[in-house]
1. Determine ³J(HN,Hα), in whole Hz, for all residues of the range 157-167 in sequence, where each value follows from phi through the Karplus function 6.51 cos²θ - 1.76 cosθ + 1.60 and θ = phi - 60°; x replaces Gly and Pro.
2. Which entries of K153/K192; K95/K117; K28/K61; K3/K192 show an alpha-carbon separation above 20 angstrom in the structure shown?
3. Of A176, I98, L84, which is farthest towards the positive pole of the chain's charge dipole, taken about the Cα centre with +1 and -1 on the beta-carbons of Lys, Arg and Asp, Glu respectively?
4. Helix 79-91 sits at what angle to the longest principal axis of the chain, using alpha carbons and giving 0 to 90 degrees rounded to 10?
5. Under 12 Å Cα-Cα from K100, which aspartates and glutamates qualify once same-chain neighbours fewer than 8 residues away are excluded?
6. For volume of the Cα convex hull per residue in Å³, the choices are (1) 163; (2) 120; (3) 131; which was calculated from the structure?
7. Let me check I've understood the local charge: for I195, count other residues with C-beta under 10 angstrom from its C-beta, Lys and Arg +1, Asp and Glu -1. What total comes out?
8. Determine the dipole magnitude for the chain: charges of +1 sit on the beta-carbon of Lys and Arg, -1 on that of Asp and Glu, nothing else is charged, the reference point is the Cα centre, and the result goes in debye to the nearest 20.
Amino acid sequence: MKKEIYGIIGLGRFGSVLANELICQGKKVIVSDINEEAVKELQDQADFAYILDSTHAIALKEAGYANADVVILSIGEDLESSILTFMALKEIGVKNIIAKANTPTHGQILSKLGVNKVIYPEKESAKRLARILIANPNFEIIDLSANTIKVAKLLVDENLAGKNLHTIAKNLKVIAHKQHETWSIMPNLDNKAYINDIIMLLGTQEDFKQYEY
């Protein structure tokens, strides 16, 4: 099986934490930053570490970002560099780009340009993103009540297949389960889930902070 490659551009607090988490999970990681000191911190841990100007498509291609399955653009402070780097990544053919944004306006611009997913992370959410990327990229959370009550749609993959709903849900409440194109509302928690099933989970913001699968 081909080993997934994760590319990270920008090694500030978020980028460096995310890189370390992915490396600890045994993933192949390419990192880069224009700051030499930031790159030195990870050059012995990452598979590839480069000091480069990420707005230059040729530099990104030579660093191997064109081969990455996912590239996380962690340049939240400099809007111009963030946009130019995104355009450079598209130029070299990167299809799956996740971008950090510090403000809603920044995020809206990136979304309109075609970024696959925009995030507004802090240090802990960086660690969580690494786990989500590895465990299940189709885990989506929807706010229902001013960041208090949330619903998550979880697509069952091979790591979760065969487990019962109670084991998968842990501290969250299962409100629906889709299997073979049929939805069950408030299903029996002893029921097993299979690949490509969809599970809808309900919980508070604190519940989701504690949830890991």
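All of the numbers you see were taken from the coordinates with simple rules; none came from a lab. The model shown is predicted, which means the values in this text are computed figures rather than measured ones. Here the Cβ is made from the backbone with ideal geometry for all residues, glycine too, and neighbour counts use every protein chain on show.
1. These are the phi-based 3J(HN,Hα) values: 10, 5, 6, 9, 4, x, 8, 7, 5, 4, 5 Hz.
2. K3/K192
3. Among A176, I98, L84, the one farthest towards the positive end of the dipole of the chain is A176.
4. 80
5. Correct list for K100: E77, D78, E122.
6. Here volume of the Cα convex hull per residue in Å³ agrees with entry (3).
7. -3
8. It works out to roughly 660 debye.
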